Amino acid sequence: MGTRSSRLALIQARGVLRNLQAALPGIAFEEVHFSSPGDRDRASDLRESPPDFFTRDLDQALSAGKLDCAIHSAKDLPEELPANLDFCWLPWREDPRDAIVLPKGKSIAELPAQPRLGVSSARRADFCSKRFPGARLLPIRGDIEDRLGQLDQGACDLALMAGAALRRLGREDRIAEWIPLAELPPPEGQGALAMTFKAGDAFFLRLRSLFVKAVTFIGAGAGDAGACTLAGFRALSRCEVCLHDSLLDPALLEALPADAQRVDVGKRCGQHSLSQTEISALIASKARKGYRVVRLKGGDPGFFGRLAEEIEELERLHLPYRVIPGVSSLNAATTGTGMLLTRRGLSRGFCVLTPRQQGGTFGPVTGQERARLPVVFFMAAGVVKEVAQQMIGDGTSAACPAAMVFNAGHDDETIVRAELGQLADALVGRQDDLPGLLIVGEVSAFGFRKDAGAFAGRRILLTCSHDLQDKAAGQVYDLGGVPVRRPLIRLTPSREALECLRQISQYNWLVLTSPAAVRCFHELMGQAGTDVRAVPKLMACGPGTAGEMRKFRFVPAAEASADFGALGLRQVALSLIKPGAKVLRLRSAKAGGELAEALRQMGAVVDDCILYHNERLIYDTLPVFDAVFFASGSAVEAFDELWGRAVLKGKTIVAIGQPTVAILKARGLAADVISPAPTVEASLAALAGMYVHKALEGL
């Protein structure tokens with residue numbers, strides 16, 4: 001691993017090494033030091049320096065095979081890397097704001113009327129000219145320590161520096177004032193770190209899968225925002241960068257988070273704001289920077305939407321993606337108007353094509369040309385042999401690619417591909433009563449790649465309750481997997497808890513030991529009509545529960561910092577709960593009364609109230625899956641009693657914490673992955689780390 005030899009660069013690279021080795025034990029990196037033109041040339045004004053001023057030597061070493069990877073400040077990377085190099089940003093980021101730094105012992109109030117300001121970029125120079133009219137702007141060079149020395153020696157009266165660099169160096173004490181982002185927007189990569197490596201390097205492409213999120217292509221639908229699917233809206237609500245077409249209902253963009261980047265890449269009256277090549281490159285660039293990227297396309301992206309070109313660029317770079325279809329203008333103009341393309345006794349199908357060729361010229365629409373189009377047969381399961389015989393008899397080659405798609409769009413979607421003449425044999429043993437579409441034509445040989453993310457297309461069975469399903473499924477999508485949603489328990493709030501909540505003001509402490517308990521508590525508070533100002537001091541069993549409290553604007557007065565659960569809470573309670581204190585413990589009907597008894601032994605007066613019951617859900621069949629995520633012991637018990645532990649042989653088992661591990665052990669099972677923190681995010685990240693680690697060991 002190459003790095004520049006400045007003190008800041010070494011601190012950054014060694015921090016990356018510690019994080020990588022913690023996530024991937026057994027994989028060792030050797031640190032190699034380099035300088036750069038920017039380190040050797042201390043005279044040139046950075047505002048006029050070349051793009052690779054701080055990366056050139058490391059780039060050349062990578063190209064020559066002297067390094068496997070290099071670590072940089074992300075803002076130092078040029079917009080375009082050498083063609084033989086690839087990159088990603090790393091998740092360990094610092095505050096991106098700039099800071100005002102003064103000589104030791106000085107304050108902003110003591111600045112002279114015409115101060116000398118040290119600046120290193122046009123961006124900072126422009127800010128200083130507005131903030132300090134009449135100031136003299138001086139170029140300032142050198143690393144952070146050099147610049148601090150120049151300030152203290154009187155070379156200038158004030159300098160602007162990246163707060164991230166000062167914090168990483170332990171020099172945050174030198175910050176006189178943080179500059180708000182709105183007043184001085186930083187470069188996109190400020191505070192972030194980047195890794196570069198040889199393009200196509202299998203090891204680092206696999207490693208990168210831990211740090212990128214799957215790009216989501218969304219069909220916006222035709223017409224108003226109501227034609228976008230619910231899945232599309234959910235993905236928009238989690239988006240960080242949205243590249244959208246122009247001809248969309250603006251209401252769709254209102255679904256984006258307020259701080260999401262919005263980039264219009266569409267066309268108006270035939271004029272493109274960006275070329276297709278530029279759009280594809282921008283999608284890939286934003287994805288490699290770790291953003292959750294949405295490409296929002298009009299109608300359905302698969303119908304003349306240039307989807308193929310955009311996913312091809314992601315596939316070339318081994319970046320994960322998923323596609324959410326939309327309601328096409330084809331549907332709106334036919335089904336939406338009554339001009340139904342299929343009508344009993346009149347029309348059994350239709351043909352769709354464009355009279356335009358690549359480049360916009362007119363293309364032939366002759367019978368011969370139409371005969372080359374793919375053909376889709378609905379409700380074709382069970383009659384594939386007959387269809388194939390007729391098509392071959394009419395002149396279609398028996399070697400023509402064909403595919404049968406069962407349960408399209410569901411999590412158990414299955415695709416069987418074969419030559420047209422062999423497809424019926426390949427389907428022997430399949431259920432003819434399943435919904436199936438037969439696709440005949442060259443297009444059936446293609447498919448989306450699903451092996452680029454950390455999960456590499458694996459199917460992750462999510463057994464958690466309904467209120468955690470969206471969060472868990474979203475992360476599985478981000479990591480390039482397929483979420484298989486099968487909640488095994490439903491949390492049913494207890495009516496018995498309502499009376500306790502109506503009397504909640506009489507308690508000194510309220511103890512909640514799971515995020516689910518917090519959500520049920522919030523729901524029942526509304527039903528009880530209790531004023532939230534009556535809620536006593538809150539105690540949480542760990543960061544997951546505390547985080548859920550904050551979502552509902554409850555601030556925990558205490559939380560366990562280790563041994564999350566009853567044991568950790570007992571340790572916290574020892575120093576906080578005084579004899580005679582009234583405590584309300586709200587819990588699942590499955591949880592024991594040990595914590596309440598332990599609090600009583602401390603002298604507290606405890607009401608141990610059941611907040612919710614765990615209701616089990618039943619499914620007819622066990623879905624296909626590669627790994628199963630258990631977010632509670634109740635889900636383990638429900639799984640075992642519904643499908644049995646034998647079906648877990650050869651599957652990866654993920655447990656959210658030690659209580660779940662204990663239930664697995666009691667059932668004769670062992671967790672392959674134990675979350676380092678009792679949250680959905682940490683659990684699935686740990687599973688991703690295990691898969692990537694195993695893949696890297698095999699390279």
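Bear in mind that the values in this text are calculations on the coordinates, not laboratory data. Since the model is a prediction, treat every value here as computed from it, not as a measurement. We place every Cβ from the backbone using ideal geometry, glycine too, and count neighbours over all the protein chains shown.
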Percent relative contact order for the chain, counting Cα pairs under 8 Å at least six residues apart, stands at 9 percent
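Once the Cβ-Cβ distance between Q261 and R7 is put in as r, and R0 is 35 Å, what FRET efficiency do you end up with, to the nearest 0.05?
0.60
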The whole-number value in µm²/s of the Stokes-Einstein translational diffusion coefficient for the chain, with Rh from the Kirkwood sum over alpha carbon pairs at 37 °C and 0.692 mPa s, is 111 µm²/s
If one computes the Cα centroid of the range 396-439 and of the range 185-233, what distance in Å separates the two points? 32 Å
Using the per-residue mean of other Cβ atoms lying within 10 Å as a proxy for protection, in what order, highest first, do the peptides 232-245, 25-38 fall? 232-245, 25-38
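Rounded to the nearest 0.05, what FRET efficiency is calculated for Q389 and R348 with R0 set to 22 Å and r the Cβ-Cβ distance?
0.75
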Order of 692-699, 324-331, 577-584, 652-659 by packing, highest average Cβ count within 10 Å first? 652-659, 324-331, 577-584, 692-699
Per the rule of 0.36 nm per residue minus the C-alpha distance, extending D45 to D425 adds in nm 129.6 nm
Taking 0.36 nm per intervening residue step and subtracting the Cα-Cα distance, what contour gain separates E315 from L576 on full extension? 88.4 nm
Cross-link reach from K694 to lysines, straight Cα distance under 17 Å and at least 8 residues apart if same chain, gives K651
Can you list the residues, at least 5 places off or on another chain, whose amide H is less than 5 Å from the amide H of G2, using H built in the peptide plane? V32, D68, C69, A70, I71
Return the distance in nm (one decimal) between the two label points of a simple spin-label model at A528 and L340, each offset 7 Å from Cα along Cα→Cβ. 5.4 nm
Go through the range 545-648 and name the chymotrypsin sites (Phe, Trp or Tyr not before Pro) that are in a DSSP coil and have 11 or fewer other Cβ atoms within 10 Å of their Cβ. Y619
Which of the three applies to the range 637-699, rounded, prolate or oblate, going by the alpha-carbon gyration tensor with a ≥ b ≥ c and a/c under 1.5 meaning rounded? oblate
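With all pairs of different alpha carbon atoms counted, what Kirkwood hydrodynamic radius in Å does the range 1-140 show?
It is 17.6 Å.
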In the range 459-489, whose amide N lies under 18 Å from the spot 7 Å out along Cα-to-Cβ of F233? List them in ranges. 467, 469-471, 474
For the range 215-332, rounded, prolate or oblate, judged on the Cα gyration tensor with a ≥ b ≥ c (square roots of eigenvalues), a/c < 1.5 rounded, else prolate if a/b > b/c? rounded
From the Cα gyration tensor of the range 491-616, with a ≥ b ≥ c the square roots of its eigenvalues, which class applies: rounded if a/c is under 1.5, or else prolate if a/b is larger than b/c, or else oblate? rounded
Relative packing of 453-460, 168-175, 220-227, which averages over residues the other C-beta atoms within 10 Å, highest first: 453-460, 220-227, 168-175
Set the bar at 26 Å for Cα to Cα. Now go through K289/K471; K75/K106; K75/K551; K213/K551; K578/K665 and name every pair that lies beyond it. K75/K106; K75/K551; K578/K665
In a shell of Cβ-Cβ distance under 10 Å around V606, excluding V606 itself, what net charge do Lys and Arg (+1) and Asp and Glu (-1) give? 0
In whole Hz, with x marking every Gly and Pro, tabulate ³J(HN,Hα) for the range 606-611 from phi via Karplus 6.51 cos²θ - 1.76 cosθ + 1.60, θ = phi - 60°. 10, 9, 9, 10, 7, 8
Using C-alpha positions alone, give me the convex hull volume of the range 237-304 per residue in cubic angstrom. 95 Å³
Taking the range 174-221, the whole-percent share of alpha-carbon pairs separated by over 14 angstrom is 73 percent
Among all the aspartates and glutamates, which ones have a C-alpha under 14 Å from K385's C-alpha, if same-chain residues fewer than 8 places away are not counted? E419, D425, D432
Give, as a single signed number, the net charge of other residues whose beta carbon lies under 14 Å from the beta carbon of L576, with Lys and Arg counted +1 and Asp and Glu -1. +3
The range 2-101: trypsin sites (Lys or Arg not before Pro) in DSSP loop, at most 10 other beta carbons within 10 Å: R42
Computed over the Cα atoms of the range 98-178, what is the ratio Rg over Rh, Rh following Kirkwood? 0.92
Any idea what the dipole of the chain comes to, in debye rounded to 20, about its Cα centre with Lys/Arg Cβ at +1 and Asp/Glu Cβ at -1? 980 debye
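Please give the contour-minus-distance gain from Q60 to A333: 0.36 nm per residue of separation, less the Cα-Cα distance, rounded to one decimal in nm. Don't skip to the end; give the middle numbers.
Details: separation 273, 0.36 × 273 = 98.28 nm, distance 5.58 nm.
Contour length minus the Cα-Cα distance gives 92.7 nm.
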Run the helix sum for the chain: -39,500 (n - 2.57) per DSSP H stretch of 4+ residues, divided by residue count, reported at 222 nm to the nearest 500 deg cm²/dmol. -9000 deg cm²/dmol
